[in-house]
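The values are calculated or read from the model by the stated rules, or taken from the named source; none is laboratory data. Note that the structure is a prediction, hence the values are computed from the model and not measured. Glycine also receives a Cβ, built like all others from the backbone with ideal geometry; neighbour counts cover every protein chain displayed.
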Amino acid sequence: MRSIKSLVLAIPLLALGVSHAGDAAAFGGCFHEAAAQPSAIPAVTGHRIILSVAPTKTTLWDQLSYTGTPSSFAWVLPIKGTVEVGLSSDALFDNLDTLTRMNVGNEGVTCLYPSSCVYGGATGTGFVLGSGTATNGPYPVTAYASAVVGPYQTVQLHSSDPTALTAWLAANGFAIPDDAKAIIATYVGEGFDFLALKLVPGMPATAIRPVRVTTPGTTPVLPLRMTAIGAPTTLPTTVWVMGPGRYEATNMPDFTITSDQLTWDYAKNTSNYAALLQASFDASPGKTWHIEGAEPFAPKLLQDTITALAKINAGASGYGAGMDSAAPKEAEDDLAALFGELDPTSLWMTRLQGQLGQQAFSADLTLGLSAMQTPVSRDLTISKTTGVAPVCPVNPPCAETTSAGATGTAGTSGAGGSSSSGGGSSSSGGGSSSCAMARDGGSPSMLGALSVLAAMALLRRRRWSLS
């Protein structure tokens, strides 16, 4: 079975009820072609999602990891209203992950340099596309928006009859599992439309690109019921929310881990973080979320990194289909969708992680601003330890250093005094002695300044781990 790195989809926000705030749908059901060989049937292995919640709209990116043949399946996603689809890049996810990942480590042992010494060196088939009523059968399904976006065929479908929609999907070559029929019927009954997306026929797996979707609305909802179609027993999911504060799941449990819950084991050179994390997930199996971090976020570093990558190496950036002339503009559009309508002075990033199971797929996930607008640190420094701590090295004593010149004048001598001749110096009595480590042919002429710096130097050994 061939393994594909990722397929990135983005699903929109939905305007519901009488409020001006809308809901956003993400995830979706995985449908494979009816004629697909068993070895080619795709299997979802994980999601990474970015939500940008602006005052009037929300943009959502969904990076899907899977195995199988990418041309053999499509995603059908519940939506409301017509959505705007654009292209994104895996580089956006990878760099955001790097900037916001958790750091877990112990305080370590601090060792001082000797105060009087200075050490040298550097410190398959496509959709039937079109507008109007579908013409491939007597099914009352309206394809009200269709387009080719990069390597993808997309179509947005409306039907008030769930059996008509499943029949349309079947007529277009998709196998409809029995459990999916009931899920589709529920969404149709709730007034949802659907967005379907798959690779253009003949496109290779290497053509897979991230897609973003924007729609009006400010209340994100992830339709986990639809995600159950084609999902594994456990679905690892990471969600980033960019918005005006700390976000959380409003209809599912969540938890945080703090430094005072952790212990560092010097013998194993690790902490109890991984065990505590799994125990917290097991407390509400399949449906709880770990808030890994929530804090003010400065977008400039991510913006500068993506912009520079698109200009310098279009292929590595994932933008513009690898073309130098197109990549910078496409990256600019993607970053504008992410940050363009967000106030950088009040922007927060919330990062959540879930290990989703069937328990979570019984209801859609709603995200909202937390009642507790306090930061959740991503940097956990552990003070409690077990085992024997490392021992600071014993530094050798400094060798006495003297220098003599051809000429000089006598200095003073005495207890704590100094004597110099020929430009050299030495000290004796109750005074302090000093020494310098120099390279071959070097001179300790900067001894006084360097001694002060050496006295201030700390050698701090800090161990970092995600375990």
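Among the residues of region 124-146, is there at least one that is under 21 Å from Leu51 (Cβ atoms) and at pLDDT 75 or above?
No, region 124-146 contains no residue that is under 21 Å from Leu51 (Cβ atoms) and at pLDDT 75 or above.
For Thr386, state whether it is modelled with pLDDT under 95 and out of contact with any strand residue (DSSP E or B) (no Cβ under 8 Å at 6 or more places or on another chain). Before the answer, list the steps.
On the way: modelled with pLDDT under 95: yes; out of contact with any strand residue (DSSP E or B) (no Cβ under 8 Å at 6 or more places or on another chain): no.
Spelling it out, it is not the case that Thr386 is modelled with pLDDT under 95 and out of contact with any strand residue (DSSP E or B) (no Cβ under 8 Å at 6 or more places or on another chain).
Out of the residues in region 348-375 that are surrounded by fewer than 16 Cβ atoms within 10 Å (Cβ to Cβ) and of a type in the set (A, V, I, L, M), which is farthest from Ala267 (Cα to Cα)?
Ala363
Identify, please: which residue in region 376-386 is surrounded by 12 or more Cβ atoms within 10 Å (Cβ to Cβ) and part of a loop (DSSP other than H, G, I, E, B) and is, among those, nearest to the chain's Cα centre (by Cα)? Reasoning before the result, please.
As a first pass, look at region 376-386 and keep what is surrounded by 12 or more Cβ atoms within 10 Å (Cβ to Cβ): 376-382, 384-386.
Adding the requirement that they be part of a loop (DSSP other than H, G, I, E, B) leaves 377-378, 384.
Values: Ser377: 15, Arg378: 12, Lys384: 29 Å.
Here the answer is Arg378.
Within the bounds of region 322-330, is there any residue that is modelled with pLDDT of 85 or more, within 30 Å of Pro232 (Cα to Cα) and surrounded by 18 or more Cβ atoms within 10 Å (Cβ to Cβ)?
no
Of the conditions (1) assigned to a helix (DSSP H, G or I); (2) at pLDDT 95 or above; (3) of a type outside the set (A, V, I, L, M, F, W, C), Asp282 clears all except one; give me its number.
(2)
Could you tell me which numbered condition Thr305 fails, if it satisfies all but one of (1) among the hydroxyl-bearing types (Ser, Thr, Tyr); (2) touching a helix residue (DSSP H, G or I) at 6+ places or on another chain (Cβ under 8 Å); (3) assigned to a loop (DSSP other than H, G, I, E, B)?
For Thr305, the failing item is (3).
Name the single residue, out of those in region 99-123 being β-branched (Val, Ile, Thr) and either outside any loop (DSSP other than H, G, I, E, B) or surrounded by fewer than 18 Cβ atoms within 10 Å (Cβ to Cβ) (or both), that is modelled with the highest pLDDT. Full working, then the answer.
Within region 99-123, the subset β-branched (Val, Ile, Thr) is 100, 104, 109-110, 118, 123.
The next check asks that each one be either outside any loop (DSSP other than H, G, I, E, B) or surrounded by fewer than 18 Cβ atoms within 10 Å (Cβ to Cβ) (or both); those that pass are 100, 104, 109-110, 123.
Details: Thr100: 96, Val104: 91, Val109: 78, Thr110: 78, Thr123: 37.
The residue in question is Thr100.
Would you point out the residue of region 75-98, among those that are in contact with a helix residue (DSSP H, G or I) (Cβ under 8 Å, 6 or more places away or on another chain) and not in a helix (DSSP H, G or I), that is nearest to Ala185 (Cα to Cα)? Steps first, answer last, please.
Of all residues in region 75-98, those in contact with a helix residue (DSSP H, G or I) (Cβ under 8 Å, 6 or more places away or on another chain) come to 76-78, 86-89, 91-92, 95-96.
Subsequent filtering for residues that are not in a helix (DSSP H, G or I) retains 76-78, 86-89.
Numbers: Val76: 13, Leu77: 13, Pro78: 11, Gly86: 29, Leu87: 30, Ser88: 31, Ser89: 33 Å.
Applying the filter and picking the extreme gives Pro78.
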